[in-house]
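Contents: one structure, followed by commentary.
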Amino acid sequence: MNAIDLFAGAGGFSTGATMAGCTVVWAANHWPAAVQVHANNHPGAVHVCQDLQQADWTRVPAHDLLLASPACQGHSRARGKERAHHDAQRATAWAVVSAAECHRPAVVLIENVPEFAAWVLYPAWCAAMHALGYALAPMVLDAADHGVAQHRRRLFVVATRSQHPIELRLPRHAHVGSASIIDFGAGRWQPIDKPGRSANTLARVRAGRAAHGSRFVTAYYGSETGGRCLSRPLGTITTRDRWAVIDGDRMRMLSVPECRAAMGFPDTYRLPERAKDAVHMLGNAVCPPVARDVINAIKEAA
């Protein structure tokens, strides 16, 4: 099964598709750094760096599976208040319709935040896909149910050229705790009680110690006020450092290799040398094991 990857980013969708036995033949993104990362890890694909709303879909290779992760920033609650540029970001979903209209692949698989389904134009977007002959099967999946060491709820819309929506039999893996991805012998540790440490951080650490002892993880910002024991999955990996590791009187943020492992990427996956860019790409990525399980279930149901 040949696949193409729209809004490919760091390549989580492509990696999951490869795990499921697909060949990724084409991938595109508007960010040159992300295109380079994808090319480093998926050298067999043709790579394009451009705004996909301006794409010439006739130049894209034939494919059976279209993978797409349109911009989520216009939908995600994490972004806070509406901003003017959100209309342009939400509009990236229409590139999926354009690509599907041109090639009519057997399957289109879209990933986004669950709030995508609350978009005022979501019914119109669904109607456009229906007009192209696709039946839609939306489902919200948690990466933790697929063996990934984080809770990450995402909407997957499976579009098939069939009379009725496809019914998938997805595996449910045992949850994996954050202990599996943390290396306590690595990283840049700092004293917890150092000058300038925020009161909110210290309060989170105290709450975590009371609940979990000397070793745990805690959110560094956001609404989560306590810690998480190491036997539980992390919360969602975001586009900037969010999770701190507590070990006695010292703490540090998750490292890039730990974030990569928490997303379910292979240890050999090559990311940007600049940690900020690597974390940003990982926070926007699809968890490869979730994509693998969904694509394998599609193949089994076909």
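Starting from 0 in steps of 10 Å, tell me what percent of the Cα-Cα pairs of segment 207-260 lands in each bin. All Cα pairs considered, the percentages come to 25, 60, 15.
Helix 32-41 and the longest principal axis of the C-alpha atoms of the chain enclose an angle of approximately 90°. As I understand it, the value is the acute angle between the Cα axis of helix 122-131 and the longest principal axis of the Cα atoms of the chain; what does it come to in degrees, rounded to 10? Computed tilt is about 30 degrees.
Pairs of Cα atoms under 8 Å, at least six residues apart: use those to get the relative contact order of segment 98-202, whole percent. Each step should come with its number before you reach the end.
Details: 130 pairs, mean separation 27.5, N = 105.
This gives 26 percent for segment 98-202.
Taking the longest Cα principal axis of the chain as reference, the axis of helix 93-103 is set at about 40 degrees.
Sum up the charges of everything whose Cβ sits under 12 Å from the Cβ of residue 148, counting Lys and Arg as +1 and Asp and Glu as -1, but leave residue 148 out.
Cβ neighbours under 12 Å give a net charge of +2.
Among 53, 163, 36, the largest mean-square fluctuation in a Gaussian network model of the chain, built with springs joining Cα atoms closer than 10 Å, belongs to 163.
How much length is gained on full extension from residue 180 to residue 270, taking 0.36 nm per residue of separation minus their Cα-Cα distance?
30.4 nm
Once amide H atoms are built 1.01 Å from N in the peptide plane, which residues 5 or more positions from residue 173, or in another chain, come under 5 Å H to H? Those lying under 5 Å, H to H, from residue 173 are 146, 147.
Binning the C-alpha pair distances of segment 194-302 at 10 Å intervals from 0 yields a P(r) profile of 14, 38, 30, 14, 4, 1, 0 %, listed from the shortest bin outward. Using the Cβ of residue 33 as centre and a radius below 12 Å, the other residues enclosed give a net charge of 0, where K and R count +1 and D and E count -1.
Structural descriptor for the chain: relative contact order 19 percent, calculated from alpha carbon pairs under 8 angstrom and at least 6 residues apart.
Ranking 203, 71, 52 by Cα position along the charge dipole of the chain, where only Lys, Arg, Asp and Glu carry charges on their C-beta atoms, puts 203 farthest toward the positive end.
Around residue 229, what is the net charge, scoring Lys/Arg as +1 and Asp/Glu as -1 over all other residues with Cβ under 15 Å from its Cβ?
Values: positive: 204, 209, 215, 228, 232; negative: 224, 247.
The answer is +3.
What part of the accessible area of segment 99-232, given as a whole %, is carbon or sulfur when the probe is 1.4 angstrom? Kindly include the intermediate steps, with their values, before the conclusion.
Working: 3490 of 6680 Å².
On segment 99-232, the fraction of accessible area on carbon and sulfur atoms equals 52 percent.
Backbone geometry of segment 157-162 corresponds, through the Karplus equation with coefficients 6.51, -1.76 and 1.60 at θ = phi - 60°, to 3J(HN,Hα) couplings of 10, 9, 10, 10, 7, 9 Hz, x marking Gly and Pro. Under the convention that each Lys and Arg Cβ holds +1 and each Asp and Glu Cβ holds -1, the size of the dipole of segment 177-263 around its Cα centre is about 120 debye.
Please give the calculated 222 nm ellipticity per residue for the chain, where each DSSP H segment of at least 4 residues contributes -39500 (n - 2.57) and the sum is spread over every residue; nearest 500 deg cm²/dmol?
Numbers: 9 runs with 90 residues, N = 302.
My calculation for the chain gives -8500 deg cm²/dmol from helical runs alone.
Name the residue, out of 32, 138, 105, whose mean-square fluctuation peaks in a Gaussian network model built on the chain with Cα pairs under 10 Å. Comparing 32, 138, 105 in a Gaussian network model of the chain, the most mobile one is 32.
Calculated accessible area for the chain comes out at 45 Å² per residue, all protein chains present (probe 1.4 Å; ligands, DNA, RNA ignored).
The values are calculated or read from the model by the stated rules, or taken from the named source; none is laboratory data. Everything numeric in this text was worked out from a predicted model, so none of it was measured. Heads up, the Cβs are rebuilt from the backbone with ideal geometry, glycines too, and the neighbour counts pull from every protein chain shown. We work out accessible area using only protein heavy atoms, side chains counted, and drop any ligands, DNA or RNA first. Shrake-Rupley method; radii C 1.70, N 1.55, O 1.52, S 1.80 Å.
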